[in-house]
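**Q** Please see the structure below; I have some questions.
The values are calculated or read from the model by the stated rules, or taken from the named source; none is laboratory data. What you are looking at is a predicted structure, and each value in this text was computed from that prediction instead of being measured. So basically every Cβ, Gly included, is an ideal-geometry build from the backbone, and we count neighbours across all protein chains shown. Surface areas here come from the heavy atoms of the whole protein model, side chains and all, with no ligands, DNA or RNA. Shrake-Rupley method; radii C 1.70, N 1.55, O 1.52, S 1.80 Å.
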Amino acid sequence: MTIDNSSRALSDVGSDPATSLTLADGLRDAATEAGRHLRIMPRNPEVLGFVVIQPVMFVLLFSVVFGGAIEVPGFADYDQFLMPGIFAQTVVFGSSFTAVGLAEDLSKGLIDRLRSLPIARSAVLVGRTFSDLVRNVLTFVVMLAVAFVLGFRFEGSIAGAIGGSLLMLAFSYSFSWIQAWIGLSVGSVEAANAASFTWMFPLTFVSSAFVDPSTMPGWLQPVAKHNPFTRLTNAARALYNGLDPSPDLWWALGWTGLITVIFATMAIRRFSQVSK
Amino acid sequence: MYAVRASGLVKTYDQTRALDGLDLEVPTGTVLGLLGPNGAGKTTAVRILTTLLRPDSGSAEVAGHDVVTQAQAVRSRIGLTGQYAAVEERLSGRENLELVGSFFRLDRPKRSARANQLLQRFDLVESADRIAKTYSGGMRRRLDIAMSLVARPSVLFLDEPTTGLDPRSRLGMWQVIEELSSDGTTVVLTTQYLEEADRLADSVVVIDRGAKIAEGTVDQLKDRIGGDKIRVSIFDPSNLASAREALGPLVTGPIELESGSTTTLLAPIKAGGGVVPQAIRALDDCGADVRDVEVRRPTLDDVFLSLTGHRAEADTHNSSETS
């Protein structure tokens, strides 16, 4: 038997990618790449555990351990204050998958293979970040269920509940692009693990996610108040509890857009130069 | 017609010149062996030709298209198998092949048919639906090379395709490359293994420190460092002197003892044959008990040594070339 590599004609290929890459081609490539990750996800028990168990643990720990000790002005029940913060932190932490996954693909030579294919430059990263968004949606649903069991309720409108959730997912998606850039820049899976996570601790804790920033030391308060993550938490919290989300909502949306544009540009540029 | 044509390729990393003005020409349908030790610039050359890296200066055309300005056109006509089996470990062999098919925008029946065809050819049918993580090293390499053939590339780049493979898998890989070549695919192959180039390549380019130091057919290269040698082994070292005497009229240069041996003699002879039976007769006549007589053509290792003054480090199997 021969390998049958003799047919040179591209007639077998849907469209000759050489001549033109349309937006539809690009989207199709991105969907193919997203499909790869989504197919793998259920086969990766440790990751799935991280997607489900870690968020459940966070919700339980913070609610049960700190619930009795922390009082927040304006909120009779700490859970109503806390849950949006936990949700936001967990989905933002979830963005680190993007960095680690890309670093892994890079170290295995898969990025080289993908870069040698006639596909849109952005497709691999769009596909990757999109599949990570899907994973985050899954995490989000699990957290929501646990929070409901603990007594958390949406006090505002349905639109507020949906809007707050979408806002957090969108914000975490913008962070996936930061992580994509990190994952393609650091050089090893281990480094990606550290580099993707470390900075998110101060970012999410020096914020309004768990406590009222006015209880923090004076010098830290302005940092916490202007932290993009505080804007996100405040907006989601207001939407969930039927309060007025502005101006935090506009800030949070602005940050989401700005981060996405800047880091998508940087990550895609990095992708077309990166090599193992 | 040239499938690959590169001139004056230069690539510098920090202070190191990985490529220092490399020229290459590969006629369509032939196999080029890019030969050199670690760090010679082989991988850098392949990365530029496969559009993964931009040269600092110089230009290259692959399958009739410029690698910088028409990169997508090049990508749709090449296959690349790198030094590391670049397979998605958590997908099955079949899924890996279909994934590449999807990226080439084949519709579902076509990509499934092509995947089946390649699975069969590469002896992966039985393990087609197992995830690639469970594959042996040889199976991964076969899957890897199959993945680079999904879209029937006209030029195939293989970067050290047998590095780290056991002898049996290496032999299998060689057969695959020979078949591809006989199908008309142009193959550019980098290797540190001299016998690999010897067996597979129609022509060889030897590079060292980013530049071409020799090119030609394997035979031409061998001829450059002198012709054939006769190698005579006898059983009894005490017969050495009479064996030397018997061989004297047949050889064209000094008779030397092979290094490390007390019973093996080496001497240059004229090309053209007829020496071996004469040598056996002469040795018999003088009473030396002959163990073995053979004619040796120089190996590519000898070629490399004579060209560069240092050995091709062919034994560092697992080291990787980063520059």
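**Q** Report yes if residue A:105 is acidic (Asp, Glu), open to solvent by less than 10 Å² (accessible area, probe 1.4 Å) and part of a helix (DSSP H, G or I), otherwise no. Write out each step before concluding.
**A** Working: acidic (Asp, Glu): yes; open to solvent by less than 10 Å² (accessible area, probe 1.4 Å): yes; part of a helix (DSSP H, G or I): yes.
Yes: the conditions hold for residue A:105.
**Q** How many of the residues in the range B:155-181 are at the interface with another protein chain (Cβ under 8 Å from one of its Cβ atoms) and open to solvent by 30 Å² or more (accessible area, probe 1.4 Å)?
**A** Number of matching residues: 1.
**Q** Now a separate question. Out of (1) more than 23 Å from residue A:109 (Cα to Cα); (2) facing chain A (nearest Cβ under 8 Å); (3) under 26 Å from the mean Cα position of the chain (by Cα), what's the single condition that is false for residue B:47?
**A** Of the numbered conditions (1) more than 23 Å from residue A:109 (Cα to Cα); (2) facing chain A (nearest Cβ under 8 Å); (3) under 26 Å from the mean Cα position of the chain (by Cα), the odd one out for residue B:47 is (1).
**Q** Kindly indicate whether residue B:140 is out of contact with any His (no Cβ under 7 Å at 6 or more places or on another chain), farther than 15 Å from residue B:36 by Cβ and open to solvent by 30 Å² or more (accessible area, probe 1.4 Å).
**A** Details: out of contact with any His (no Cβ under 7 Å at 6 or more places or on another chain): yes; farther than 15 Å from residue B:36 by Cβ: yes; open to solvent by 30 Å² or more (accessible area, probe 1.4 Å): yes.
The answer is yes for residue B:140.
**Q** Restricting attention to the range B:245-303, and to residues there that are on the phi > 0 side of the Ramachandran plot and at pLDDT below 75, which single residue is surrounded by the fewest Cβ atoms within 10 Å (Cβ to Cβ)?
**A** So the first thing to find is which residues in the range B:245-303 are on the phi > 0 side of the Ramachandran plot, and the list is B:260, B:272-274, B:287.
Cutting the leftovers down to at pLDDT below 75 gives us B:260, B:272-273, B:287.
Working: B:260: 6, B:272: 8, B:273: 10, B:287: 11.
For the range B:245-303, the residue satisfying everything is B:260.
**Q** Can you tell me which residues in the range A:117-139 are free of Cβ contacts under 8 Å to residues at least 60 places away in the same chain and closer than 19 Å to residue A:41 by Cβ?
**A** We begin by selecting, within the range A:117-139, every residue free of Cβ contacts under 8 Å to residues at least 60 places away in the same chain; these are A:117, A:129, A:133, A:136-137.
Matches in the range A:117-139: A:129, A:133, A:136, A:137.
**Q** Please tell me if residue A:119 is in contact with an Asp or Glu (Cβ under 6 Å, 6 or more places away or on another chain), open to solvent by less than 10 Å² (accessible area, probe 1.4 Å), at pLDDT below 95 and not in a loop (DSSP other than H, G, I, E, B). Steps first, answer last, please.
**A** Values: in contact with an Asp or Glu (Cβ under 6 Å, 6 or more places away or on another chain): yes; open to solvent by less than 10 Å² (accessible area, probe 1.4 Å): yes; at pLDDT below 95: yes; not in a loop (DSSP other than H, G, I, E, B): no.
It is false that residue A:119 is in contact with an Asp or Glu (Cβ under 6 Å, 6 or more places away or on another chain), open to solvent by less than 10 Å² (accessible area, probe 1.4 Å), at pLDDT below 95 and not in a loop (DSSP other than H, G, I, E, B).
**Q** For the range B:103-137, which residues satisfy the criterion of being part of a loop (DSSP other than H, G, I, E, B), at the interface with chain A (Cβ under 10 Å from one of its Cβ atoms) and open to solvent by less than 60 Å² (accessible area, probe 1.4 Å)?
**A** Answer for the range B:103-137, where residues must be part of a loop (DSSP other than H, G, I, E, B), at the interface with chain A (Cβ under 10 Å from one of its Cβ atoms) and open to solvent by less than 60 Å² (accessible area, probe 1.4 Å): B:104, B:105, B:106, B:122.
**Q** Something else: Against the definition (under 18 Å from the mean Cα position of the chain (by Cα), modelled with pLDDT under 90, in the same structural domain as residue B:36 (by TED's automatic domain parsing) and buried (at least 24 other Cβ atoms within 10 Å of the Cβ)), how does residue B:186 come out, yes or no?
**A** no
**Q** Moving on. Being assigned to a strand (DSSP E or B) and within 28 Å of residue B:163 (Cβ to Cβ) is the filter; apply it to the range B:62-81 and report the residue that is farthest from the other protein chains (Cβ to nearest Cβ). Even if it seems obvious, please write down each step before you answer.
**A** Just the residues of the range B:62-81 that are assigned to a strand (DSSP E or B), to begin with: B:62, B:65-66, B:78-81.
If we keep only those that are within 28 Å of residue B:163 (Cβ to Cβ) too, we end up with B:62, B:78-81.
Values: B:62: 11, B:78: 7, B:79: 8, B:80: 4, B:81: 9 Å.
Among residues in the range B:62-81 that are assigned to a strand (DSSP E or B) and within 28 Å of residue B:163 (Cβ to Cβ), the one farthest from the other protein chains (Cβ to nearest Cβ) is B:62.
**Q** Any chance you could count how many residues in the range B:89-102 are more than 15 Å from residue B:145 (Cβ to Cβ) and open to solvent by less than 10 Å² (accessible area, probe 1.4 Å)? Walk me through how you get there before you give the answer.
**A** Narrowing the range B:89-102 to residues more than 15 Å from residue B:145 (Cβ to Cβ): B:89-92, B:94-95, B:98-99, B:101-102.
Checking which are open to solvent by less than 10 Å² (accessible area, probe 1.4 Å) leaves us with B:91-92, B:101.
The qualifying residues number 3.
**Q** On to the next question. Taking only the range B:213-237 into account, find how many residues are of a type outside the set (Lys, Arg), at pLDDT below 75 and open to solvent by 70 Å² or more (accessible area, probe 1.4 Å). Can you show your working first?
**A** Within the range B:213-237, the subset of a type outside the set (Lys, Arg) is B:213-221, B:223, B:225-228, B:230, B:232-237.
Filter once more, so that each one left must be at pLDDT below 75: B:223, B:225-227.
Then drop every residue that is not open to solvent by 70 Å² or more (accessible area, probe 1.4 Å), which leaves B:223.
Count: 1.
**Q** Checking the structure you have, find out if any residue of the range A:154-164 is assigned to a helix (DSSP H, G or I) and within 16 Å of the chain's Cα centre (by Cα). It would help to see each step written out before you state the result.
**A** Let us first name the residues in the range A:154-164 that are assigned to a helix (DSSP H, G or I), namely A:158-164.
Those still in the list that are within 16 Å of the chain's Cα centre (by Cα) too: A:164.
Yes.
**Q** Any residue in the range A:103-116 that's touching a residue at least 24 places away in the same chain (Cβ under 8 Å): show its pairings with residues that are in a helix (DSSP H, G or I) at Cβ separation under 7 Å, as long as the two are six or more apart or on different chains.
**A** Between residues of the range A:103-116 that are touching a residue at least 24 places away in the same chain (Cβ under 8 Å) and residues that are in a helix (DSSP H, G or I), the close pairs are A:103/A:183; A:103/A:189; A:103/A:192; A:104/A:189; A:106/A:184; A:107/A:189; A:111/A:105; A:114/A:124.
So that you can scan it fast, the table gives a plain yes or no per residue for (1) open to solvent by 20 Å² or more (accessible area, probe 1.4 Å); (2) in a helix (DSSP H, G or I); (3) closer than 30 Å to residue A:107 by Cα; (4) away from every other protein chain (no Cβ under 14 Å):
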position	(1), (2), (3), (4)
A:235	no, yes, no, yes
A:239	yes, yes, no, yes
A:242	yes, no, no, yes
A:250	yes, yes, no, yes
A:254	yes, yes, no, yes
A:258	yes, yes, yes, yes
A:268	yes, yes, yes, yes
A:274	no, no, yes, no
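**Q** Looking at residue A:50, is it at pLDDT 80 or above and more than 11 Å from every other protein chain (Cβ to nearest Cβ)?
**A** Details: at pLDDT 80 or above: no; more than 11 Å from every other protein chain (Cβ to nearest Cβ): yes.
No, not satisfied.
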